[in-house]
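The values are calculated or read from the model by the stated rules, or taken from the named source; none is laboratory data. As the structure is a prediction and not an experimental result, all values here were calculated from the model. A quick note on method: Cβ atoms are made from the backbone with ideal geometry, for glycine too, and the neighbour counts reach across all protein chains shown. These area figures cover heavy atoms from the full protein model, side chains too; ligands, DNA and RNA do not enter into them. Shrake-Rupley method; radii C 1.70, N 1.55, O 1.52, S 1.80 Å.
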Amino acid sequence: MQEYDIAIIGGGPAGIMAAIASSKNANVILLEKNSSLGLKLLLTGGGRCNITNNKPIKKLLNSYSNKNFLKHSFYSLTNEKLLAFFEDKGLKFIEEDNNRIFPKSQKPGDILKILLQYLGNVVINYNFEVKSITNNFIINSEIKAKKIIIATGGVTYPKTGCNPSNYYLTSQPITKIKYGLVPLITEKDLSNIAGTTLFDVVISYNKVKVRGDVLISHVGLSGPGIIDISNKFSKSIAYNLLENKPLEFSKEIAIDLCPNFSHEDLSSKFLIDFQNKGKTLLKNYLKLFLTNSFIEFFLNESSLDGDVQLSKINKRSKNKLIDSLKHFKFEIVGFNENLSKITIGGIDLNYINPKTMESKIHKNLYFAGEILDLDGPTGGYNLKIAFSTGYLAGLSASKK
């Protein structure tokens, strides 16, 4: 039987970083189910690898619901330290809108290549699926370790090796598992306007508001604004992916198509415009506010006549127009699960020490990355979790 100081299960961003951090002071083996490492890393950021978000650390932490848990790991591996890993090997980065950091080459393979260079002292077993771990840390009756770090990820992107059974490798408590950063499926067929983008709108669900673009697909809604609000939306639905029960619900979201105008602003503007541009047809006037390809759909859903002249629009129709522009509603009936970017839920944080990533139940057992009940918005936030918790877990496990 092979024996190691530390066995790391999962060769994604968290597992790789854990191996890098721990291999300086320990004999480490990295166990990967696939024939190569970092498959999900190559898919992030639209295939360009949005490696982190470069907000100042306090503002960055405020973007997470579990900021107190993440604080120690984020200060252990700051953005400056993370990027230095790669810059020391010659890789350059660029910062795009909303503080998103990408490799200047736009190639996620460059990130992975450098990470692999840091794994020189680590034994890597590919095509190794962990099926059992005993209480004294014997893995598949083949490998014995003094300490174990589990970084197997969530359940989204199954082709990368994610598997629900990974949650049950230990007896750690698990929260409900849900889809995260996921496009939404609408009750209404949107195929006639698929490809339309609603630019710079405000999406509302319950008391949550997100500003961003919305992309209309054949089956529903996507785009940065929808992806960001989808976490709050998903968390509000009573379901658990580990239970394999049919997911049935119907929830409403509203979109403010004119966030730069208040109700009063629109009312005042219409009062003037409907007089000065009285012969203009409503469908043509709406080009001031809406994408052309969306206007007909908007009018039909709002029960408004696009061929009516502005001067002939009565008060009731004007109020309906304002209400539709400020609260255009979509009925949501599902998730486009194949496009879910992250998993919500995981190993319960109440039983993990945030200063070490060690289990409070099982000594010498650590967790890192997406398997934990941690999630953030789109824009580099979730890779930041993976790298930072992986680094802290590896650093902590390698201490004598």
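Figures for the structure shown
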quantity	calculated
Dipole of the chain, positive end: most advanced residue of Tyr167, Leu83, Ala368 [Cβ charges, Cα centre]	Leu83
Kirkwood hydrodynamic radius of the range 182-339, from inverse mean 1/r over distinct Cα pairs, in Å	16.7 Å
Under Karplus coefficients 6.51, -1.76 and 1.60, residue-wise ³J(HN,Hα) of the range 220-231 in Hz, glycine/proline x	x, 10, 9, x, x, x, 5, 4, 5, 7, 5, 4
Computed magnitude of the charge dipole of the chain (debye, nearest 20; Cβ of K, R +1, Cβ of D, E -1)	840 debye
Difference of contour (0.36 nm per residue) and Cα-Cα distance, Ser105 to Leu288	62.0 nm
Share, in percent, of DSSP beta bridges within the range 1-135 that are antiparallel, nearest 5	45 percent
Relative contact order (%) - criterion: Cα under 8 Å, at least six apart; region: the range 182-339	32 percent
Under 11 Å, Cβ to Cβ, from Lys71 - net charge with Lys/Arg +1 and Asp/Glu -1	+3
Hz values of 3J(HN,Hα) by residue in the range 26-38 - Karplus curve (6.51, -1.76, 1.60), Gly and Pro given as x	8, 8, 10, 10, 10, 9, 10, 5, 8, 8, 8, 8, x
Charge tally in the Cβ shell below 13 Å around Asn25, where Lys, Arg are +1 and Asp, Glu are -1, Asn25 excluded	+4
Placed amide H near Leu372: partners under 5 Å, 5+ positions off or other chain	Ile347
Rg over Rh [alpha-carbon atoms, Kirkwood Rh] for the range 213-279	1.21
Cα-based Rg of the chain normalised by 2.2 N^0.38 Å, two decimals	1.15
Selection from Leu271, Pro246, Phe199 lying farthest towards where the dipole of the range 182-339 points positive, charges on Cβ	Leu271
For the range 266-283, 3J(HN,Hα) per residue [Karplus equation, 6.51 cos²θ - 1.76 cosθ + 1.60, θ = phi - 60°, Hz, x = Gly/Pro]	5, 4, 5, 5, 5, 4, 6, 5, 5, 8, 6, 10, x, 7, 5, 6, 4, 5
Dipole-positive endmost among Gly109, Phe93, Ile133 within the range 78-135 (Cβ charges, Cα centre)	Ile133
Share antiparallel - DSSP beta bridges, the chain, percent rounded to 5	70 percent
Charged-residue dipole, Cβ positions (Lys, Arg, Asp, Glu), the range 340-385 about Cα centre, Debye nearest 20	140 debye
Asn206 paired with Asn140, simple spin-label distance in nm, labels 7 Å along Cα-to-beta-carbon	4.2 nm
Burial order of peptide ranges 293-301, 220-228, 8-16 (average beta-carbon count within 10 Å, highest first)	8-16, 220-228, 293-301
Mean accessible surface per residue for the chain, computed with a 1.4 Å probe while every protein chain stays in place, in Å²	46 Å²
Segments 360-370, 142-152 sorted - mean Cβ within 10 Å per residue, highest first	142-152, 360-370
Cα-centre dipole for the range 182-339 with unit charges at Cβ (Lys and Arg positive, Asp and Glu negative), debye to 20	600 debye
Residues with amide H under 5 Å from that of Leu30, placed H, sequence gap 5 or more	Ile8, Val123, Ile124, Asn125
Neighbourhood charge, 13 Å Cβ-Cβ cut-off, centred on Tyr366 and excluding it, Lys, Arg +1 and Asp, Glu -1	+4
Rounded percent of accessible protein surface that carbon and sulfur make up, the chain, 1.4 Å probe	47 percent
